[in-house]
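Student: Below you'll find the structure I mean.
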Amino acid sequence: MAWIVLVVSGVLEAVWATALGRSEGFSKPAPTLVFAVAIVASMAGLAYAMRTLPIGTAYAVWVGIGAALTVIYAMATGGEPASLLKVAFLLMIVGGVIGLKLVH
């Protein structure tokens, strides 16, 4: 159960990071609200997962999922240019997250 919660929390990290950028310094109410809800839920899920998973592993997986999804979303929506090297490095992050799960 902790792994499922951790993955969902990692997805929520990408949500709050994207909403933070779209809030334009908290000047737009809707993205600011999405940011606030997503960050609280993401942190709560991370805290829950850390009750059973090692802190270093849980944090690395949480950050890896959030970072990778944030960049993938930005590339897919045209907010950031895509390149073969970026995709290769994102695959390394995803591989690292999978590796941490496999060696747990």
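Student: Could you grab the relative contact order for the chain? Cα pairs under 8 Å, six or more apart, rounded to a whole percent.
Tutor: The normalised contact order for the chain reaches 32 percent.
Student: Just subtract the alpha-carbon distance of Trp3 and Met43 from 0.36 nm times their residue separation and send over the number in nm, one decimal. Intermediate values should be presented prior to the final figure.
Tutor: Values: separation 40, 0.36 × 40 = 14.40 nm, distance 1.42 nm.
Full extension of this stretch gives 13.0 nm more.
Student: Sticking with the crude label model, points 7 Å out along Cα→Cβ, report the distance from Ala60 to His104 in nm, one decimal please.
Tutor: 1.3
Student: Show me the ranking of peptides 6-14, 74-82 by mean Cβ neighbours inside 10 Å, starting with the highest.
Tutor: 6-14, 74-82
Student: Where does each of Ser83, Ser23 land when they are ranked from fewest to most other beta-carbon atoms within 10 angstrom?
Tutor: Placing the least packed residue first, the sequence is Ser83, Ser23.
Student: Any idea what diffusion coefficient the chain gets from Stokes-Einstein, in µm²/s, Kirkwood Rh on alpha carbon pairs, 20 °C, 1.002 mPa s?
Tutor: Details: Rh = 14.2 Å.
The diffusion coefficient I find is 151 µm²/s.
Student: Right, another one. Kindly put Trp16, Trp3 in sequence by how many other C-beta atoms sit within 10 Å of each C-beta, fewest to most.
Tutor: Result, fewest neighbours first: Trp3, Trp16.
Student: Another question about this same structure. With a sphere of radius 15 Å drawn around the Cβ of Met1, what net charge do the other residues whose Cβ falls strictly inside it have (Lys, Arg +1; Asp, Glu -1)?
Tutor: Surrounding charge for Met1 is +2.
Taken together, the values in this text are just the output of simple stated rules run on the coordinates, not laboratory data. These numbers come from a predicted model, not from an experiment. Every residue, glycine among them, receives a Cβ derived from its backbone with ideal geometry; neighbour counts consider all protein chains shown.
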